[in-house]
Amino acid sequence: MRENTHNDSTRLIYTIAGRVAAVAAVFAVILSILMIANYLQTQSVDPLNSTALETLMEQLKDNPNDTALKEQIRALDLLARKAYFTHLWQVRTGRVLLFCFAAILVIALKYRSSLVPRLPDLSEGADPETAWENRFMARKQVIIGGTALFVLAAVLGILSEKNMTGSSPGAVAGEEAQEAVSAVAEEPGAVLPGFEEIRAQWPSFRGPEGRAVAYSTEAATSWDVESGENILWKSAVPLSGFSSPVIWDDRLFLSGADRATREVYCFNAHSGDLLWTGDASDVPGTPEDMPAPTGDTGYAAATMAADSQYVFAIFATGDLGCWTHEGAQVWAKNIGTPENHYGHSSSLICYEGLLFVQFDQNSGGRLIALDKATGEPVYDIAREVGISWASPILVNTGARAELILSSNPGVISYDPLTGKQLWRVDCMSGEVAPSPAYDNGMVFAVNDYAILAGIRIGDPAELVWETPDDLSEVSSPAANNGFLILPTSWGTVSCFNAETGERYWYHDFDEGFYSSPVFAGDMVYIAEMPGLVHIFKAAEEFELVNSCEMGERVVATPAFMHGRIYIRGVYNLFCIGTE
């Protein structure tokens with residue numbers, strides 16, 4: 001009886017293994033056929049080129065000033081890039097699933113085969129020799145055919161991906177289409193601002209391109225909050241936050257939040273009046289269990305981003321939203337609760353219709369590009385990096401635009417329109433907080449217990465100098481006209497030769513810096529944590545011009561526009577100017 005029970009159990013396992021193998025075989029065959037068909041389709045229809053786009057380009061030649069047509073080209077180009085990345089994901093996912101089903105099939109058959117000797121059936125006579133040979137040959141043919149189909153599908157899947165990634169996805173619409181997109185940006189009031197229009201605004205953390213360089217250089221060098229000297233206005237900010245001001249034309253934007261509420265504020269940059277408040281508390285996907293950022297990060301540490309149409313904000317909950325300049329919410333979503341122990345602080349930046357999020361967490365990094373008008377992902381790239389709090393910069397090198405991110409271990413540059421990696425230099429370590437800086441073809445990255453690195457952009461990029469002294473752990477460096485300024489949280493500020501890494505001077509202030517320095521003309525402005533703003537010359541020798549008390553703690557980075565300075569304290573927003 002026990003032997004019969006054992007045989008019944010073994011037969012059941014034998015049957016299950018056979019059915020698992022059959023199901024895996026069916027899915028493997030279906031996937032193989034789909035991948036072969038996909039390859040044949042991509043051979044006949046290039047997914048990176050659009051005949052509709054070519055038709056629009058021909059129309060543009062006849063109507064070069066047609067703004068609506070240029071915007072249509074831009075929209076179609078963006079759609080093509082989204083389709084490209086979706087198709088690439090499908091190819092990669094299909095290949096992984098094919099290997100998984102093949103592995104399940106082999107394991108199930110192997111296990112089933114191991115049970116055969118335990119299942120002799122003595123009730124039947126021996127098969128004729130020819131019947132055994134026929135079964136053997138049939139099985140052999142099935143195995144050979146299936147293996148050939150699997151190998152063919154796998155090879156064609158690899159070739160499909162190589163064909164797609166071998167072409168620059170940035171050329172989805174071709175160079176002419178990209179020129180048309182740029183042409184839209186050059187027209188006054190156009191939807192897509194170019195670099196020159198961006199430099200006339202203060203659209204992101206540390207200003208245009210994230211470089212901490214004020215192209216509006218008429219800034220006051222003295223003021224007194226207590227007496228009101230050169231204080232044009234002062235406005236209370238409803239909720240606290242460490243995000244810095246961003247400005248587009250006459251609109252200034254800030255975010256504020258606590259555990260229960262997340263808000264966006266729009267102030268009139270000339271009068272200080274609060275024009276509207278945007279609610280970001282009820283976003284689909286908001287976590288029920290709120291993250292618990294530390295007090296020096298909070299729920300609104302990431303600085304917003306703005307362009308000529310929209311303004312964007314992200315919070316420590318992973319809630320991300322878009323509003324018009326008039327306060328209407330366009331879209332809102334949760335991109336995942338950030339997994340870090342201090343809280344999310346990486347700021348946003350946008351360019352050419354895309355919004356970029358550096359999302360480097362404990363579970364791994366991501367670079368996310370979203371369609372600014374819809375919030376739909378254009379690409380979402382996994383990054384083999386550690387956790388970071390740094391923000392991306394987006395610079396015009398003269399030859400191309402580069403989106404540059406700093407983290408552990410790599411300083412990495414991407415093509416902003418496609419997400420394609422342009423270069424990478426592994427030189428960082430630890431939990432990176434300072435954002436990179438850029439000047440004259442050089443990128444500068446730093447982190448405490450790592451190095452200050454000077455990297456020359458190229459293909460490939462090159463680490464040309466490094467120094468291990470007086471490194472920043474929070475405040476970001478700034479570079480302009482050959483000078484590199486690096487503050488620390490314990491109060492030392494150093495000035496380097498950006499080209500060679502030679503340190504011109506260092507100066508010890510009383511406290512320390514979370515705020516980042518900003519160049520305005522030949523001056524550098526930086527706010528010490530207790531609320532003392534120091535102004536010194538960008539020169540080979542230290543020359544302090546002035547130090548001005550704000551009357552409250554300051555950790556945000558000042559914004560410069562309209563010949564004015566905008567400084568966020570822990571309670572108030574200040575506008576400083578001489579007019």
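We did not get these values from a lab; they are worked out from the coordinates using the rules stated. The structure presented is a predicted model; accordingly, all values stated were derived computationally and were not measured. All Cβ positions, glycine included, derive from the backbone under ideal geometry; neighbour counts span all protein chains shown.
Please state the relative contact order of the range 432-522 as a whole percent: Cα pairs under 8 Å, 6+ residues apart?
Once normalised by length, the contact order is 23 percent.
Rounded to the nearest 0.05, what FRET efficiency do residue 481 and residue 240 give with R0 = 35 Å and r taken as the Cβ-Cβ distance? Could you check? Display every interim value, and only then the final one.
Numbers: r = 36 Å, r/R0 = 1.02.
Once rounded, the FRET efficiency stands at 0.45.
Once both labels are modelled 7 Å past Cα along the beta-carbon direction, what's the residue 289-residue 271 spacing in nm?
Going by the 7 Å Cα→Cβ label model, 4.7 nm.
Find how much the distance from residue 221 to residue 570 grows on full extension, using 0.36 nm per residue of separation minus their present alpha carbon separation; answer in nm with one decimal.
Working: separation 349, 0.36 × 349 = 125.64 nm, distance 2.19 nm.
Difference between extended and current length: 123.5 nm.
Hand me the GluC sites (Glu not before Pro) from the range 196-289 located in a DSSP loop with no more than 13 other Cβ atoms within 10 Å, in residue order please.
Working: sites: 196, 197, 209, 218, 226, 229, 263, 288; in loops: 218, 226, 288.
Counting only loop positions with at most 13 other Cβ atoms within 10 Å, the GluC sites (Glu not before Pro) in the range 196-289 are 226, 288.
What is the distance in Å between the Cα centroid of the range 276-333 and that of the range 227-256?
17
May I ask you to order 398-404, 254-260 by the average number of other C-beta atoms within 10 Å around their residues, highest value first?
On the way: 398-404: 17.1, 254-260: 20.1.
The most tightly packed comes first, giving 254-260, 398-404.
Using mean Cβ contacts within 10 Å as the protection proxy, how do 436-443, 471-478 order, highest first? If you can, show how the numbers build up before the last one.
Details: 436-443: 22.9, 471-478: 24.6.
Per-residue Cβ counts within 10 Å, averaged per peptide and sorted highest first, yield 471-478, 436-443.
Would you mind calculating the relative contact order of the range 193-576 from Cα pairs under 8 angstrom and at least 6 residues apart, reporting the percent as a whole number?
Working: 1172 pairs, mean separation 57.4, N = 384.
Relative contact order for the range 193-576 comes out at 15 percent.
Is the range 193-576 best put as rounded, prolate or oblate by its Cα gyration tensor, with a ≥ b ≥ c the root eigenvalues, rounded for a/c under 1.5, and otherwise prolate when a/b is larger than b/c, oblate when not?
On the way: a/c = 1.44, a/b = 1.05, b/c = 1.37.
In terms of gyration-tensor shape, rounded.
Rounded, prolate or oblate, given the Cα gyration tensor of the range 305-352, with a/c below 1.5 counting as rounded? Walk me through the intermediate numbers first.
Details: a/c = 2.81, a/b = 1.85, b/c = 1.52.
Prolate, because a/c is 1.5 or more and a/b exceeds b/c.
Hey, rough spin-label estimate for residue 490 and residue 97, points 7 angstrom out along Cα→Cβ, what's it come to in nanometres?
5.5
Assuming a ≥ b ≥ c are the square roots of the Cα gyration tensor eigenvalues, decide whether the range 217-269 counts as rounded (a/c under 1.5), prolate (otherwise, with a/b larger than b/c) or oblate. Kindly include the intermediate steps, with their values, before the conclusion.
Details: a/c = 2.63, a/b = 1.69, b/c = 1.56.
Prolate.
Using a Förster distance of 35 Å, how high is the FRET efficiency between residue 552 and residue 499, based on the Cβ-Cβ distance and rounded to 0.05? Working shown, then result.
Numbers: r = 38 Å, r/R0 = 1.10.
After rounding to 0.05, the efficiency reads 0.35.
Suppose each label sits 7 Å from its Cα in the direction of the beta carbon; what would the residue 111-residue 464 distance come out to in nanometres?
6.0
Taking amide H positions as placed in the peptide plane 1.01 Å from N, state which residues far from residue 393 in sequence (5 or more) or on other chains have amide H under 5 Å from it.
Long-range HN contacts for residue 393: 404.
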